[in-house]
1. For the chain, find the longest principal axis of its Cα atoms and tell me its angle to the long axis of helix 65-86, 0 to 90°, nearest 10.
2. Can you give the charge dipole size of segment 119-251 about its Cα centre, rounded to the nearest 20 debye, using +1 on the beta carbon of Lys and Arg and -1 on the beta carbon of Asp and Glu?
3. Please give the charge dipole size of the chain, origin at the Cα centre, charges +1 on K and R Cβ atoms and -1 on D and E Cβ atoms. Round to the nearest 20 debye.
4. Which whole-Hz ³J(HN,Hα) couplings does segment 22-31 yield from phi under the Karplus relation 6.51 cos²θ - 1.76 cosθ + 1.60, θ = phi - 60°, glycine and proline marked x?
5. So for the pair N50, E73, with labels modelled 7 Å out along Cα→Cβ, what separation do we get in nm?
6. Cross-chain or 8 or more residues apart, Cα under 19 Å: how many lysine pairs in segment 1-121 fit that? Count them up, please.
7. Check cross-link reach from K198 to the lysines: straight Cα distance under 24 Å, and skip same-chain residues fewer than eight apart.
8. Once amide H atoms are placed 1.01 Å from N in the peptide plane, what residues at a sequence separation of 5 or more from T126, or on another chain, have their amide H within under 5 Å of its amide H?
Amino acid sequence: MKIVIIGGTGLIGSNVAKKLRQLGHTVIAGSPSTGINALTGEGLSDALENTDVVIDLSNSTSFEEGPAIQFFETVGRNILAAETSAGVKHHLILSIVGTHVMGSMGYMRAKKIQEDLVQKSGVPYTIIRSTQFQEFVPTITAGSASGDTVHISTVDFQPIAAEDVAAFVTQFAVSEPANAIVEIAGPDRAFMSDFVAKYLDKSGDEKTVVANDRNEYFGVVIPKSALVPEGTANLGKIRFSDFLDSLAVKA
């Protein structure tokens with residue numbers, strides 16, 4: 001199959017491209033650096049000629065509501081219009097678990113708009129909602145630190161390794177369109193504060209975790225289980241302890 005990956009040079013995209021090529025597929029990694037700009041539409045029509053599957057891994061550079069909505073609406077409409085003209089058989093996007101219940105966060109509203117565009121487009125699709133990446137836990141920790149303490153919520157958390165995300169995107173891309181939302185998550189589930197405490201302990205950071213029940217994520221109140229799958233999810237193989245061990249090896 002010919003598969004075009006929008007955002008194909010990023011962390012997930014480059015890994016997906018490698019996996020798909022290893023399976024024998026023809027892959028075009030689309031990004032402005034390769035002459036394919038989904039935001040302006042430049043190069044899209046030519047890239048999508050005779051394409052079977054489009055994987056949209058593009059992301060807004062801003063997490064503010066206005067710019068994020070503008071980005072996902074524009075990119076979504078441009079890609080879907082080009083796909084319709086080219087007769088693309090499968091459109092896949094990577095979204096976020098809990099998007100539909102975290103409307104209090106502007107970025108999540110923008111992602112929900114992206115999902116809605118795909119579902120209404122008429123193009124066969126798969127929407128993958130992923131939990132937060134394990135690789136993002138250090139950023140969450142740093143953003144919640146204050147002096148020698150880290151104030152973090154006890155919201156439910158089930159982070160997934162980026163490697164597992166790439167594997168699932170590859171799997172669903174070569175499968176028949178689900179025409180539905182599927183969820184992926186890591187194998188370990190606990191409070192977010194527990195994951196942060198384990199990360200601090202493994203990294204040798206002596207900051208103290210101060211857990212709270214405010215159900216906040218980056219300062220915004222969310223439902224307690226918004227960041228974990230609602231039902232049965234596809235679970236990755238890489239445990240959080242494996243991720244922590246990999247950090248120790250790199251150090």
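1. 30 degrees
2. 240 debye
3. Once rounded to the nearest 20, the dipole reads 300 debye.
4. In residue order, the calculated couplings are 5, 7, x, 8, 8, 10, 10, 8, x, 6 Hz.
5. So the two model labels end up 3.7 nm from each other.
6. So the count of such lysine pairs works out to 6.
7. K207, K224, K237, K250
8. For T126, whose amide H was placed from the backbone, the distant partners under 5 Å are H91, L92, I93, A178, N179.
The values are calculated or read from the model by the stated rules, or taken from the named source; none is laboratory data. Here the structure is a predicted model, which means the values were calculated and not measured. Note that each Cβ is placed from the backbone with ideal geometry, even for glycine, and that neighbours are counted across all protein chains shown. To get the accessible areas, we keep the full protein, side chains included, count just its heavy atoms, and leave off ligands, DNA and RNA. Shrake-Rupley method; radii C 1.70, N 1.55, O 1.52, S 1.80 Å.
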